[in-house]
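The values are calculated or read from the model by the stated rules, or taken from the named source; none is laboratory data. Because the structure is a prediction, the values reported are computed rather than measured. Cβ sites come from the backbone with ideal geometry, for glycine too, and all protein chains shown count toward neighbours. Side chains are part of the model used for accessible areas, which takes the heavy atoms of the whole protein and leaves out ligands, DNA and RNA. Shrake-Rupley method; radii C 1.70, N 1.55, O 1.52, S 1.80 Å.
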Amino acid sequence: DEDVTPTDGYAMLGAATADMHFPRGYGWERGQRMRQQDDDMGAMFSSLAMSIIFVFLLMGVLFESWVLPVSIITTVPMAVMGAFWTLWAMGSQFDTMAGIGLVILVGVVVNNGIVLIDLVTQLRAEGLPRNEALVQAGVRRFRPILMTALTTIFGLVPMAFGSSSFVGVGYGPLGQTVIGGMMAATLLTLVFVPLLYAAVDGLRQWFYDLLRYVRARPVAATSEVEG
């Protein structure tokens, strides 16, 4: 069957031979190609994790905060979800090229969130309340975010639907992964990032208020004793 991938074939072979008892010295194992594929996938997921960590640290330095970037980095799982749904809809397999697309997505999809939250920070510095700053930033950044996403998506259409390949490995899954991730992240960034920003900022403010209360309480108690 042409739809059966090597991974599926090895899974079926393992299920078929699970109850078989081989003579002494006989058995079966996966070939060098499958072991190399597993190693490549492991290295790809390690690269994906490192890219997320580096992007988060960079945003922490730029925003001078380790709390607010949390609302932006959540665009990454949104993009991953959109990428896998696109691969499933296109009938493509998750291969090395799709993994490279995920690593690329980490550095691309956070841009819209950075642009949005940066304007929110500027508006709040000018004295606007948090909710009003979020609304104005969403309205003013909607067109730039949409234009950036659409130019990236349409630029990758030939790769996603073409038949180009390199040493037998097609580029289609890479383009499909980036397109699906960009579409999902762009739509969800305008909705979930402001909500998460408000939640994280509210939690941070609550923590600071609690910390000030705890620090001020012993002073108040000492004053009452002296009085």
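The condition of being more than 23 Å from A49 (Cα to Cα) and either touching a residue at least 40 places away in the same chain (Cβ under 8 Å) or touching a His at 6+ places or on another chain (Cβ under 6 Å) (or both) holds for D201. The set of residues in region 115-127 being open to solvent by 10 Å² or more (accessible area, probe 1.4 Å) and assigned to a helix (DSSP H, G or I) consists of V115, D118, T121, Q122, R124, A125. Taking the criterion of being among the polar types (S, T, N, Q), closer than 30 Å to I114 by Cα and either open to solvent by 70 Å² or more (accessible area, probe 1.4 Å) or modelled with pLDDT under 80 (or both), the only residue of region 186-227 that qualifies is Q205. Taking the criterion of being in a helix (DSSP H, G or I) and either in contact with a His (Cβ under 7 Å, 6 or more places away or on another chain) or among the polar types (S, T, N, Q) (or both), the residues of region 65-114 that qualify are S71, T75, T86, T96, N111, N112. The single condition among (1) open to solvent by less than 70 Å² (accessible area, probe 1.4 Å); (2) of a type in the set (G, A, S); (3) out of contact with any strand residue (DSSP E or B) (no Cβ under 9 Å at 6 or more places or on another chain); (4) more than 25 Å from F56 (Cα to Cα) that G138 does not meet is (4).
Within region 16-63, the residues that satisfy the criterion of being in a helix (DSSP H, G or I), modelled with pLDDT under 70 and open to solvent by 80 Å² or more (accessible area, probe 1.4 Å) are Q32, R33, R35, Q36.
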